[in-house]
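Inspection log for the structure reproduced underneath, given as structure tokens.
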Amino acid sequence: MSLKLHGYWRSSATYRVRIAMHYKQLDFDYVPVHLVKDGGEQKSSAYSSMNPSMLVPTFVDDDADIVLNQSLAIVEYLDEKYPDTPPLLPSHTLDRARIRAFAQDIACDIQPITNLRILQSLQSDYDASSEQKQAWCVKWIEKGFNALEKRLATRSGKYCYGYDVTLADICLVPQVYNALRFKVDMQQFPLIQKIYDNCNELEAFQKAMPEAQIDAI
Ligand SMILES: N[C@@H](CCC(=O)N[C@@H](CS)C(=O)NCC(=O)O)C(=O)O
């Protein structure tokens, strides 16, 4: 198959792209990259020669000789490349900017500080315990979610931005999945929880769930 997504079942950045690809009903091969086994396959020479950032996901289109990293860039590329599929960004400039800002609140300001290599560094460089690492994640996710909950109070409908699925939902759902893993008390965030539940009723979100992937353990 020409389209490939290299990723890891529990990686929230990979999860974003999986949702987008299923939502757009694109055929693709999912290629697992184990982030922990043998020190992490993302650091292998085979993977890092394709993606020197040594992070997942990496999107590959063999037919077009395209290799892309960064989940938001990949999703926006797919949105533009396949205009006959359901859009993930609206046509109105200001709406697009607001949705990108919401997505970046998650992808730039929450997820990166709770990423695997940050947690590994907290442990190896600062001797952080498992409890301290978990507390770190809960702290930054809650801080981010407090802001998102306020934003949703002004603009959400069934989904983050009105009644259509957008890039914002594609970022929110994997971040909530992470929050649940780290045992964040979601009762504090009723709108986020409601949108998470609404999205997960859709087939594309179900197909993209970590537990539905071939590398899930
Ligand atoms: N900003 C990147 C983030 C990529 C990222 O952080 N990926 C994580 C998994 S969600 C990863 O590969 N971690 C491996 C590591 O930390 O060594 C994107 O959106 O694609």
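For every residue, the table says whether it meets (1) among the hydroxyl-bearing types (Ser, Thr, Tyr); (2) part of a helix (DSSP H, G or I).
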| residue | (1), (2) |
| --- | --- |
| 5 | no, no |
| 9 | no, no |
| 14 | yes, yes |
| 18 | no, yes |
| 21 | no, yes |
| 26 | no, no |
| 30 | yes, no |
| 34 | no, no |
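Scanning the stretch 45-73 for residues being of a type in the set (S, T, N, Q) and either part of a loop (DSSP other than H, G, I, E, B) or touching a Cys at 6+ places or on another chain (Cβ under 7 Å) (or both) gives a total of 3. Taken together, 135, 107, 103, 128 contain a single residue that is more than 20 Å from the chain's Cα centre (by Cα) and surrounded by 15 or more Cβ atoms within 10 Å (Cβ to Cβ), which is 128.
Here is a yes/no grid of residues against (1) modelled with pLDDT under 95; (2) within 13 Å of the ligand (Cβ to nearest atom); (3) of a type in the set (Val, Ile, Thr):
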site	(1), (2), (3)
14	no, yes, yes
41	no, yes, no
57	no, yes, no
69	no, yes, no
74	no, yes, yes
84	no, no, no
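So, residue 163, is that one closer than 26 Å to residue 95 by Cα and touching a Gly at 6+ places or on another chain (Cβ under 7 Å) or not? Yes, satisfied. Given the criteria in contact with a Pro (Cβ under 8 Å, 6 or more places away or on another chain) and either within 16 Å of the ligand (Cβ to nearest atom) or β-branched (Val, Ile, Thr) (or both), does residue 101 qualify? The answer is no for residue 101.
Somewhere in the stretch 165-183, is a residue on the phi > 0 side of the Ramachandran plot, at pLDDT 95 or above, away from the ligand (no atom under 14 Å from the Cβ) and out of contact with any Pro (no Cβ under 6 Å at 6 or more places or on another chain)?
Yes, the conditions are met somewhere in the stretch 165-183.
The values are calculated or read from the model by the stated rules, or taken from the named source; none is laboratory data. Since this is a predicted model, take the numbers as computed values, not measurements. Every residue, glycine among them, receives a Cβ derived from its backbone with ideal geometry; neighbour counts consider all protein chains shown.
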